[in-house]
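There's a structure below that I have some questions on.
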């Protein structure tokens, strides 16, 4: 038995099957969504007459990356390549396009992966249960859409500061809507509402929490991962390899596709992005941000951290700026001026704000930034080497030197800003952090790899260089005075 289905309820399955038959509902398998060639011809013959967003059970068969909007049927995976003129990096960067799913977002697939296994096993009874979709946006839209197609009752829970368009659409499709306090980052308030519903309604509700539902990851593992593989195998040129995949954490469902790619290409690296304004993975921090679709302040149960190779802290200001660049006439004209092909400029408008975050994560650290960061580490290391020599020159025993260095190391590291944002610290503690020479090396590296820092990069480099020079001079001078 899978981790999703714990028991088969035969009586419920029979009633649900009769209900689906009466409503003309047939449910596709993951294999058919992964490979639409396996979809029955009888289904395909009806699809051209059904709109992509129509509340029609036939649209269950369109929960795939391969929808062809021109024919109403299926083709290759929807994707486009973002050229160096836009990314600024030599590596080829390809993005899958989720715009051509029903509801305009791939979250409809994650919701399908959570609901359908319970529906076909009888653990969800559409005559008795309400499906509760806790979300920061598109997941509850996908869940409400799936419920409408399957004839189930949906309850959508999302933060009150999400776009009004989402609330309006959810009500129009027939979902019960609950707004919780806060914005994209206020996931705890959504959890609290789920517990409240469970206490109030008991077994009348089924909480399909994307943050701990394995069906979320399994759908992406089975469908999205293979779509990525197909695109790479089709587009790669001689001598090229798949170096990495850039995704954002959010519910961690899409990271299931990264799990799949790691099985196929063991050397591939998985970059997991989150908002710099809410750096949960990056700095154990929290805060509000504007990257809709990647709610945070926690690590979801379905996030396999063992397979996360890189964490990217992405400034929401950068996402907003790029969204304007990709969509406003002046920005589009500029992109064409710097050499971006017209067809690519038109496709960039398909990127939502979380998709833009994926793009930034894929092109974040340049080789020059990595090399410069190593240089900063080396200079800072020389400074602390000089300090160590100076201290060792005044201490008679090896044991005493080791005790002193152990005593100094922990405060230096903890007060360097490496683990917590300096801006979140009280004034007195921030003052101590600014007196720590290691802080300036840490902030310089942060700027060189991530593009932003709490201290101006010029000041960071000047302080790091000055510290190294003074400490090396002091260490050499004091070492030279030692008399054996």
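The values are calculated or read from the model by the stated rules, or taken from the named source; none is laboratory data. What you see is a predicted model; the values in this text were computed from it and never measured. So basically every Cβ, Gly included, is an ideal-geometry build from the backbone, and we count neighbours across all protein chains shown.
Which one of these does residue 76 not meet: (1) more than 24 Å from residue 104 (Cβ to Cβ); (2) modelled with pLDDT of 95 or more; (3) part of a loop (DSSP other than H, G, I, E, B)?
Evaluating residue 76 over (1) more than 24 Å from residue 104 (Cβ to Cβ); (2) modelled with pLDDT of 95 or more; (3) part of a loop (DSSP other than H, G, I, E, B) leaves (1) as the failure.
Tell me which residues, restricted to segment 449-468, are more than 19 Å from residue 374 (Cβ to Cβ), in contact (Cβ under 8 Å) with a residue 40 or more places away in the chain and in a helix (DSSP H, G or I).
None; the set is empty.
A follow-up question, please. Say we look at segment 145-157 and pick out the residues that are in contact with a helix residue (DSSP H, G or I) (Cβ under 6 Å, 6 or more places away or on another chain) and more than 20 Å from residue 196 (Cα to Cα); which of these is surrounded by the fewest Cβ atoms within 10 Å (Cβ to Cβ)? Before the answer, list the steps.
So the first thing to find is which residues in segment 145-157 are in contact with a helix residue (DSSP H, G or I) (Cβ under 6 Å, 6 or more places away or on another chain), and the list is 145-146, 149, 154, 156-157.
Okay, now just the ones that are also more than 20 Å from residue 196 (Cα to Cα), so 145-146, 149.
Working: 145: 28, 146: 29, 149: 23.
Out of the qualifying residues, it is 149.
Sticking with this structure for a sec: Of everything in segment 345-366, what is in a helix (DSSP H, G or I) and touching a residue at least 24 places away in the same chain (Cβ under 8 Å)? Give them in sequence order. Quick ask: steps written out before the conclusion?
The first filter runs over segment 345-366 and keeps only residues in a helix (DSSP H, G or I), leaving 345-348, 353-362.
Across segment 345-366, the qualifying residues are 347, 348, 353, 354, 355, 356, 357, 358, 359, 360, 361, 362.
Further, regarding this structure: Going by what's in this entry, would residue 474 be described as touching a helix residue (DSSP H, G or I) at 6+ places or on another chain (Cβ under 6 Å), surrounded by fewer than 18 Cβ atoms within 10 Å (Cβ to Cβ) and at pLDDT below 90? Don't jump to the end; show me each part of the working.
Values: touching a helix residue (DSSP H, G or I) at 6+ places or on another chain (Cβ under 6 Å): yes; surrounded by fewer than 18 Cβ atoms within 10 Å (Cβ to Cβ): yes; at pLDDT below 90: no.
Considered against the rule, which asks whether it is touching a helix residue (DSSP H, G or I) at 6+ places or on another chain (Cβ under 6 Å), surrounded by fewer than 18 Cβ atoms within 10 Å (Cβ to Cβ) and at pLDDT below 90, residue 474 comes out as no.
Can you pull out the residues in segment 158-175 that are closer than 20 Å to residue 124 by Cβ and either surrounded by 15 or more Cβ atoms within 10 Å (Cβ to Cβ) or free of Cβ contacts under 8 Å to residues at least 12 places away in the same chain (or both)?
Going through segment 158-175, the residues closer than 20 Å to residue 124 by Cβ turn out to be 170, 173-175.
Selection gives 170, 173, 175.
Still on this model: Name the pairs: first residue in segment 390-411 and under 22 Å from residue 470 (Cα atoms), second residue modelled with pLDDT of 80 or more and exposed (fewer than 14 other Cβ atoms within 10 Å of the Cβ), Cβ to Cβ under 6 Å, at least 6 apart or on different chains?
Here the result reads 393/479, each pair linking segment 390-411 to a residue that is modelled with pLDDT of 80 or more and exposed (fewer than 14 other Cβ atoms within 10 Å of the Cβ).
Looking at (1) within 23 Å of residue 280 (Cβ to Cβ); (2) without any contact (Cβ under 8 Å) to a residue 24 or more places away in the chain; (3) assigned to a helix (DSSP H, G or I), find the lone condition where residue 445 falls short.
Tallying (1) within 23 Å of residue 280 (Cβ to Cβ); (2) without any contact (Cβ under 8 Å) to a residue 24 or more places away in the chain; (3) assigned to a helix (DSSP H, G or I), residue 445 fails exactly one: (2).
Pick from segment 315-344 the residues that are under 16 Å from residue 291 (Cα atoms) and touching a residue at least 40 places away in the same chain (Cβ under 8 Å): which of them is farthest from the chain's Cα centre (by Cα)?
Per the stated criteria, the residue is 318.
Moving on. Within segment 84-104, restricting attention to residues that are at pLDDT below 90 and assigned to a loop (DSSP other than H, G, I, E, B), which residue is nearest to residue 242 (Cα to Cα)?
Per the stated criteria, the residue is 91.
So which residues in segment 198-228 are in a helix (DSSP H, G or I), buried (at least 19 other Cβ atoms within 10 Å of the Cβ) and touching a residue at least 60 places away in the same chain (Cβ under 8 Å), if there are any at all?
Within segment 198-228, 215, 216, 217, 218, 219, 220, 222, 223, 224, 226, 227, 228 meet the criteria.
Quick one: would you say residue 408 is out of contact with any helix residue (DSSP H, G or I) (no Cβ under 6 Å at 6 or more places or on another chain) and farther than 14 Å from residue 443 by Cβ?
Working: out of contact with any helix residue (DSSP H, G or I) (no Cβ under 6 Å at 6 or more places or on another chain): yes; farther than 14 Å from residue 443 by Cβ: yes.
Judged against the criteria, residue 408 is a match.
Also, quick follow-up: Scan segment 12-68 for residues that are assigned to a loop (DSSP other than H, G, I, E, B), touching a strand residue (DSSP E or B) at 6+ places or on another chain (Cβ under 8 Å) and without any contact (Cβ under 8 Å) to a residue 60 or more places away in the chain and jot them down.
First pass over segment 12-68, keeping only residues assigned to a loop (DSSP other than H, G, I, E, B): 23-29, 35, 39-40, 45-46, 50-56, 63-66, 68.
Okay, now just the ones that are also touching a strand residue (DSSP E or B) at 6+ places or on another chain (Cβ under 8 Å), so 39, 52, 64-66, 68.
Hits for segment 12-68 are 39, 52, 68.
Select from segment 179-188 the residues that are outside any loop (DSSP other than H, G, I, E, B) and surrounded by 17 or more Cβ atoms within 10 Å (Cβ to Cβ) and list them in ascending order. Please lay out each step first, then the result.
Going through segment 179-188, the residues outside any loop (DSSP other than H, G, I, E, B) turn out to be 179-180, 187-188.
Hits for segment 179-188 are 180, 187.
Please count how many residues of segment 434-451 are farther than 16 Å from residue 409 by Cβ, crowded, with 19+ Cβ neighbours inside 10 Å and modelled with pLDDT of 90 or more.
Residues that pass the stated criteria total 3.
Looking only at segment 389-428, filter to residues that are part of a loop (DSSP other than H, G, I, E, B) and exposed (fewer than 12 other Cβ atoms within 10 Å of the Cβ); which one of those is farthest from the chain's Cα centre (by Cα)? Can you show your working first?
So the first thing to find is which residues in segment 389-428 are part of a loop (DSSP other than H, G, I, E, B), and the list is 393-397, 415-421, 425-426.
Imposing the further condition that a residue be exposed (fewer than 12 other Cβ atoms within 10 Å of the Cβ) reduces the set to 396-397, 426.
Working: 396: 53, 397: 51, 426: 30 Å.
That would be 396.
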